[in-house]
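The structure appears below as structure tokens.
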DNA sequence: AAGCAATTGAAAATGAATATCAAAAGCAGG
DNA sequence: CCTGCTTTTGATATTCATTTTCAATTGCTT
């Protein structure tokens with residue numbers, strides 16, 4: 001599915017007349033290799049250790065392209081940094097965020113998705129994406 | 001219910017050993033008088049026109065107190081500003097956010113709330129609050 | 001009224017994100 | 001493989017929301 005995503009990005013780039021560059025390839029590789037919710041800074045530091053030449057501005061710019069291309073999604077947690085997560089085809093996961101230890105538990109619930117569709121339809125609203133975050137204390141932290 | 005909220009804040013202040021100040025009273029009045037999703041800047045400007053002495057740092061500080069006191073909730077939209085909305089006892093509304101015109105439509109759905117409780121229970125998670133935002137185009141903007 | 005700690009306002013500091021711009025790199029067409 | 005044109009990049013400066021700092025003020029207790 002990594003090839004799949006690279007193809008998606010290439011198609012997007014082609015359709016927008018964007019050029020294919022070494023940096024974008026590298027950043028995409030690193031982004032695809034991460035797990036959930038990388039901040040730009042985190043991704044930048046990882047990349048920098050292997051590719052010192054790449055600047056953080058490029059990482060910022062490129063992640064925004066990934067969002068446009070439909071590969072990534074912005075996640076705003078409460079730590080003052082914009083984070084990015086993968087957009088999986090079809091599937092959509094939401095988050096339980098522990099305010100004690102910052103653990104993030106992902107879950108999926110079809111019924112909730114359906115209800116959202118209904119609500120949107122009722123308002124003539126066309127859904128592009130959504131975000132559901134539940135804040136509280138995880139099993140460990142509720143002590 | 002405004003008196004209710006003032007009392008809630010006073011109780012909180014008392015329990016934390018916080019002092020009662022003119023500024024906090026004023027800021028609370030203005031916050032309670034706002035409708036949904038005030039940014040700190042917006043609230044500060046409103047207050048400043050009638051009370052020029054009050055500084056923005058105090059508004060920032062005080063809104064965080066309201067969150068601690070359970071009166072307010074942070075809402076992170078995608079405009080780079082932290083916004084605050086009222087916490088209504090029991091009820092919880094979520095948002096349809098139009099990426100075309102930035103309109104925000106609020107809705108409530110009991111079933112979704114229930115499902116969230118179930119999911120949390122399944123993970124031994126204790127819910128403090130949650131946030132559901134659906135992004136897309138409103139009826140006007142989907143043209 | 002006096003003393004002490006919390007609070008405030010102004011200004012400086014921080015920090016994420018964006019804009020600027022000259023140099024470098026991609027992509028034609030010849 | 002050059003040439004010329006445009007996009008992209010990296011470094012730096014800039015912006016802007018938020019936080020911190022700190023001296024002065026204020027609230028509270030005795």
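Please treat every number below as a calculation from the coordinates, not as lab data. It should be emphasised that the depicted structure is a prediction, and the values quoted were computed from it without experimental measurement. Cβ placement follows ideal geometry from the backbone for every residue including glycine, while neighbour counts extend to all protein chains displayed.
Entry remark, the stretch B:49-71: residues being part of a helix (DSSP H, G or I) and either near DNA strand D (Cβ under 9 Å from one of its atoms) or in contact with a helix residue (DSSP H, G or I) (Cβ under 9 Å, 6 or more places away or on another chain) (or both) number 14 in total. Return the residue satisfying two criteria in turn: it lies in the stretch B:29-39 and is within 14 Å of DNA strand D (Cβ to nearest atom) and closer than 17 Å to residue B:70 by Cα, and of such residues it is farthest from the other protein chains (Cβ to nearest Cβ). Filtering first and then ranking leaves B:38. Within the stretch A:17-50, the set of residues being touching a residue at least 40 places away in the same chain (Cβ under 8 Å) and more than 17 Å from the chain's Cα centre (by Cα) comprises just one member, A:18. For the stretch A:86-138, a residue qualifies if it is closer than 21 Å to residue B:113 by Cβ, outside any strand (DSSP E or B) and facing another protein chain (nearest Cβ under 7 Å), and the qualifying residues are A:99, A:109, A:111, A:112, A:115, A:116, A:119, A:120, A:123, A:125, A:138.
Report yes if residue B:76 is within 14 Å of chain A (Cβ to nearest Cβ) and either touching a residue at least 60 places away in the same chain (Cβ under 8 Å) or within 12 Å of DNA strand C (Cβ to nearest atom) (or both), otherwise no.
Numbers: within 14 Å of chain A (Cβ to nearest Cβ): yes; either touching a residue at least 60 places away in the same chain (Cβ under 8 Å) or within 12 Å of DNA strand C (Cβ to nearest atom) (or both): yes.
It is true that residue B:76 is within 14 Å of chain A (Cβ to nearest Cβ) and either touching a residue at least 60 places away in the same chain (Cβ under 8 Å) or within 12 Å of DNA strand C (Cβ to nearest atom) (or both).
With the structure loaded, tell me whether residue B:114 is more than 25 Å from residue B:16 (Cα to Cα) and surrounded by fewer than 17 Cβ atoms within 10 Å (Cβ to Cβ) or whether it fails that test. Explain how you work it out, then say what you get.
Working: more than 25 Å from residue B:16 (Cα to Cα): yes; surrounded by fewer than 17 Cβ atoms within 10 Å (Cβ to Cβ): yes.
Here the answer is yes, as residue B:114 does meet what is asked.
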